[in-house]
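> Next up is a structure, given as structure tokens.
The values are calculated or read from the model by the stated rules, or taken from the named source; none is laboratory data. Bear in mind the structure is a predicted one, so any value in this text is a computation, not a measurement. In this analysis, Cβ positions are derived from the backbone assuming ideal geometry, glycine residues included, and neighbour counts consider all displayed protein chains.
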Amino acid sequence: MVIDGLWTTWSAASVKSLVGLEKIREQLAAYDLSSVSISVGEAPEVVKAFLEKNPMSSEVTLDSEGKFAEELEVTVLPQVVLVSPAGTIESVHFGGGQKMLSMVLKDVLAKLMSPDGSMPPADVDADAAVE
């Protein structure tokens, strides 16, 4: 599964969501997840300066012209898109904040459930992951 986070440096909600997604990534590091943070509509030098002050563990991709965001019909940032290994969009969350991050975490955990319904990431602290 891939977690794509679309964001901008000027949006407080985007920055807060990036921090929350980093915590989710840390909590689920042992599982088969990939993560891409996609900066939308910003110049490379702006994103570079931001990342120097706010390093991230995920791969960062630039969508400076907003073409990828337009293709996904993104109208609100931040936005998190969960993509299956087959490339299918599983879910989309937007708006930022604690509620969005909790929903993302619940969706990711649901996708990681084994067929018998047990949760493999028993050590995940949902509250700590999204605070």
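> Within segment 27-40, track down each residue that is surrounded by fewer than 18 Cβ atoms within 10 Å (Cβ to Cβ) and either modelled with pLDDT of 95 or more or within 12 Å of the chain's Cα centre (by Cα) (or both). Give the steps one after another, and end with the answer.
At the first step, the residues of segment 27-40 found to be surrounded by fewer than 18 Cβ atoms within 10 Å (Cβ to Cβ) are 29-34, 36.
Passing the criteria: 33, 34, 36.
> On to the next question. Restricting attention to segment 52-108, which residues are within 14 Å of the chain's Cα centre (by Cα) and among the acidic types (Asp, Glu)?
Matches in segment 52-108: 59, 90, 107.
> Given the residues 96, 87, which is the only one that is at positive phi and out of contact with any Pro (no Cβ under 7 Å at 6 or more places or on another chain)? Give the steps one after another, and end with the answer.
Numbers: 96 fails: out of contact with any Pro (no Cβ under 7 Å at 6 or more places or on another chain).
Of the residues listed, the single one that is at positive phi and out of contact with any Pro (no Cβ under 7 Å at 6 or more places or on another chain) is 87.
> Now, a different point. Only one of (1) at pLDDT below 90; (2) touching a strand residue (DSSP E or B) at 6+ places or on another chain (Cβ under 7 Å) is not met by residue 69, so which one is it?
Residue 69 satisfies all of (1) at pLDDT below 90; (2) touching a strand residue (DSSP E or B) at 6+ places or on another chain (Cβ under 7 Å) except (1).
> Let me ask another. Could you grab me the full set of residues in segment 62-107 that are of a type in the set (Val, Ile, Thr) and surrounded by 14 or more Cβ atoms within 10 Å (Cβ to Cβ)?
Step one: filter segment 62-107 for residues of a type in the set (Val, Ile, Thr), giving 74-76, 80-81, 83, 88-89, 92, 104.
Across segment 62-107, the qualifying residues are 74, 80, 81, 83, 92, 104.
> Another one. Looking at 127, 107, can you tell me which residue is modelled with pLDDT under 80 and either in a helix (DSSP H, G or I) or in contact with a strand residue (DSSP E or B) (Cβ under 6 Å, 6 or more places away or on another chain) (or both)? Outline the logic, then answer.
On the way: 107 fails: modelled with pLDDT under 80.
Just one listed residue meets the conditions, 127.
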